[in-house]
Amino acid sequence: MTLLDTSADTTARGLLTGDRYRAELDDGRELYLNGERVADPARHPAFRPAVDALADLLDLQHDPAHRDLLTYEDPGSGRRLARAYQPPRTLEELRLQRRSAEFWHANAFGQHGRSPAFMASIAVGVYDFRHRLEASRPGFGANAEAWYRHCATNDLVLSHALGDPQIDRSADPVDDPDLALRVLEENDRGIVVRGAKQLTTLAPLAHEVLVYLSASFTQRRGEQFVVWFALPLNTPGLVTLCREPLGAEPWGHAHPLGARYDEQDAMLFFDDVLVPWDRVFLLRDAGLARTGLARINAWSAYIGHVRYRERLRTLLATATLVAESIGVDGFRNVQEDLGRLASYAELTELFLDAAEARAAVTDGGLLAPGDTAASRVWSAEVADSAVDVLRRIGASGLLMQPTENDLAHPRLRPLLDRYMRGRGTGAERKSRLLRLAWELTGDGFGQRQHLYELVHRGDLARNRINLFKRYDQSDVRRRLEEFVATPQPARTAASSAPSVPSVPSVPSAPSVPREEHP
């Protein structure tokens, strides 16, 4: 058997095309927006531009110029599958996964946080963890492997749901079961679940959702709250509620980023939903859920850095263009700010290189990137500063720019050309550039993207604490303990020369603290 044996699967549909993706979203799901049920998200004006943007990127998989980067040939069936679904066993395969994700995220300017490239890597993680799931309960590992195969061979667009609803975070779900998704019963067909999951990004535009627990919620007093499973988003009893779209605006503003890359965040309500046994991967095992969280997200954390690098590059390029358009690019303080942004982008690149340099083979047989905990903390810490550079350079110009309809108005246009032009650039180009900067920093889409950077990696304080607890400082602690325990000779006025206290020997090449891959 090959790593991915798909030779017997005669129902697999293979690589998605844009048209097939649009058609498959019309699947009867129970989807709501603004108090109305949406029959087909691919045709709804609030979702159509974002669906089309995803469809265009999916079509690139079939372009001969990009096929070998974005896809690979499955050895078991000879089919072409998406590169993001390839389980990496060598460093070259891991780097190909990175380069494929770089291509995807560069085309989306780093705005697709929950891109298919990101979510496919989590499916790879579930596949890699299959042996541990099987050991927890016979059959669960086989379920995980079969689900991964189903996703890969059909090139499914996935979402994931981790967080509980914000009802009362000071309370315990054992005392109020509505605070968390729970298992009501087990029967011959599967498990029945009731509850909700908050902030399920991309759910309205995805085929399926993977449900598991975030780090804050893996420790449960009640085992009925510990469960991993996956379901199609048209499963009976599964209700998807969308937030207000961020790309639509009736006043003439184009909002090109929001229209194309608003991934939609949704609440999922599980109204006594039956999850078939073959879709259950973990049940009533909090310890394994806690261990498995880091394990299955090892590749997605790596791909997440690829996306963040492209977002930083987009912020840097926009800030540079804005600075040039208003004649401040030669100012020392502006150049310093741009240099700060450039350093962030470069450091993100170095973090990716380090993850590859410290990659290790897991007990599932795949090559996983090295631990990215510190770089994830850093990314959240610099998110405010990165956006603030562009905000400071654009300043008040971000607030007052003409719309497309203003530019087309015969009475206004001469005034705009005279008073709203830039240095060496006309009012039309400058207004679009400054509106783009506003979209990245100030409007609803920009604020959502920024909040995403602050929260999607998990609670920053908890991540810092966990990093501190896991960091191996035993060697330097031992040497310092020896140093402070060594008596220091008293110095007297009669001493002809200062005495030199003995210092414990220091290893010539201290080992770099390194954890086992989660």
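The values are calculated or read from the model by the stated rules, or taken from the named source; none is laboratory data. What you see is a predicted model; the values in this text were computed from it and never measured. Because the Cβ atoms are built from the backbone with ideal geometry, glycine has one as well, and the counts that use them run over all protein chains shown. Remember, those area values only see protein heavy atoms, side chains included, never the ligands or the DNA or RNA. Shrake-Rupley method; radii C 1.70, N 1.55, O 1.52, S 1.80 Å.
Note on segment 180-201: among residues that are touching a residue at least 60 places away in the same chain (Cβ under 8 Å) and within 27 Å of Leu460 (Cα to Cα), the one that is most open to solvent (accessible area, probe 1.4 Å) is Leu199.
With respect to the conditions (1) within 22 Å of the chain's Cα centre (by Cα); (2) modelled with pLDDT under 95; (3) open to solvent by 40 Å² or more (accessible area, probe 1.4 Å); (4) not charged (D, E, K, R), Gln224 lacks only one, and its number is (1). Please work out which residue is modelled with the lowest pLDDT, limiting yourself to segment 202-221 and to residues that are more than 21 Å from Phe129 (Cβ to Cβ) and open to solvent by 10 Å² or more (accessible area, probe 1.4 Å). Filtering segment 202-221 for residues that are more than 21 Å from Phe129 (Cβ to Cβ) and open to solvent by 10 Å² or more (accessible area, probe 1.4 Å), the one modelled with the lowest pLDDT comes out as Arg221.
Counting only residues that are among the charged types (D, E, K, R) and open to solvent by 40 Å² or more (accessible area, probe 1.4 Å), which one in segment 334-358 is farthest from Asp128 (Cα to Cα)? Let's see the steps before the verdict.
So the first thing to find is which residues in segment 334-358 are among the charged types (D, E, K, R), and the list is 336-337, 340, 346, 349, 353, 356, 358.
If we keep only those that are open to solvent by 40 Å² or more (accessible area, probe 1.4 Å) too, we end up with 336, 340, 346, 349, 353, 358.
Details: Glu336: 44, Arg340: 38, Glu346: 31, Glu349: 26, Asp353: 22, Arg358: 18 Å.
Ranking the candidates gives Glu336 first.
As for segment 15-28, it holds at least one residue that is aromatic (Phe, Trp, Tyr), open to solvent by less than 40 Å² (accessible area, probe 1.4 Å) and modelled with pLDDT of 95 or more. Among the conditions (1) within 25 Å of Asp384 (Cβ to Cβ); (2) at pLDDT 90 or above, the only one that His456 does not satisfy is (2). Name, by its number, the condition in (1) open to solvent by less than 20 Å² (accessible area, probe 1.4 Å); (2) under 19 Å from Ala152 (Cα atoms); (3) touching a strand residue (DSSP E or B) at 6+ places or on another chain (Cβ under 6 Å) that does not hold for Val38. Failed condition: (2).
So that you can scan it fast, the table gives a plain yes or no per residue for (1) touching a residue at least 60 places away in the same chain (Cβ under 8 Å); (2) on the phi > 0 side of the Ramachandran plot; (3) in contact with a Lys or Arg (Cβ under 8 Å, 6 or more places away or on another chain):
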site: Ala373; (1), (2), (3): yes, no, yes
site: Val377; (1), (2), (3): yes, no, yes
site: Ser385; (1), (2), (3): no, no, yes
site: Arg391; (1), (2), (3): no, no, no
site: Gly394; (1), (2), (3): yes, no, no
site: Met400; (1), (2), (3): no, no, no
site: Glu404; (1), (2), (3): yes, no, no
site: Pro414; (1), (2), (3): no, no, no
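In the set (1) crowded, with 21+ Cβ neighbours inside 10 Å; (2) at pLDDT below 95, Leu399 fails one condition alone, (1).
Taking the criterion of being buried (at least 16 other Cβ atoms within 10 Å of the Cβ), among the aliphatic types (A, V, I, L, M) and free of Cβ contacts under 8 Å to residues at least 40 places away in the same chain, the only residue of segment 43-68 that qualifies is Ala55. Residues considered: Val387, Val361. Of these, the only one that is buried (at least 19 other Cβ atoms within 10 Å of the Cβ) and modelled with pLDDT of 95 or more is Val387. Close Cβ contacts (under 6 Å, 6 or more residues apart or on different chains) running from residues in segment 13-42 that are farther than 16 Å from Ala53 by Cα and assigned to a loop (DSSP other than H, G, I, E, B) to residues that are basic (Lys, Arg) and open to solvent by 20 Å² or more (accessible area, probe 1.4 Å) comprise Gly14/Arg79; Leu15/Arg80. Within segment 243-264, the residues that satisfy the criterion of being crowded, with 21+ Cβ neighbours inside 10 Å and either at pLDDT 95 or above or not in a loop (DSSP other than H, G, I, E, B) (or both) are Leu257, Gly258, Ala259, Tyr261. The set of residues in segment 308-327 that are open to solvent by less than 10 Å² (accessible area, probe 1.4 Å) and either of a type in the set (A, V, I, L, M) or touching a His at 6+ places or on another chain (Cβ under 6 Å) (or both) comprises Leu312, Leu315, Ala319, Val322, Ala323.
Taken over segment 265-297, the criterion of being open to solvent by 10 Å² or more (accessible area, probe 1.4 Å), farther than 30 Å from Gly35 by Cβ and part of a strand (DSSP E or B) is satisfied by Pro276 alone. Within segment 156-173, the residues that satisfy the criterion of being in a loop (DSSP other than H, G, I, E, B) and under 19 Å from Ile296 (Cα atoms) are Leu156, Val157, Leu162. For beta carbons closer than 7 Å, sequence separation of 6+ or different chains, a first residue in segment 291-318 that is farther than 30 Å from Lys430 by Cα and a second that is aliphatic (A, V, I, L, M) and open to solvent by 10 Å² or more (accessible area, probe 1.4 Å), the qualifying pairs are Leu293/Ala215; Ile303/Ala117.
Counting residues in segment 427-442 that are assigned to a loop (DSSP other than H, G, I, E, B), charged (D, E, K, R) and either crowded, with 17+ Cβ neighbours inside 10 Å or free of Cβ contacts under 8 Å to residues at least 40 places away in the same chain (or both) gives zero. Among residues of segment 117-132 that are free of Cβ contacts under 8 Å to residues at least 60 places away in the same chain, those with a beta-carbon under 6 Å from a residue that is assigned to a helix (DSSP H, G or I) at least six positions away or on a different chain give the pairs Ala120/Ala84; Ala120/Tyr85. Checking every residue in segment 97-104 against the condition of being over 16 Å from Gly365 (Cβ atoms), modelled with pLDDT under 95 and under 23 Å from the mean Cα position of the chain (by Cα) gives at least one match.
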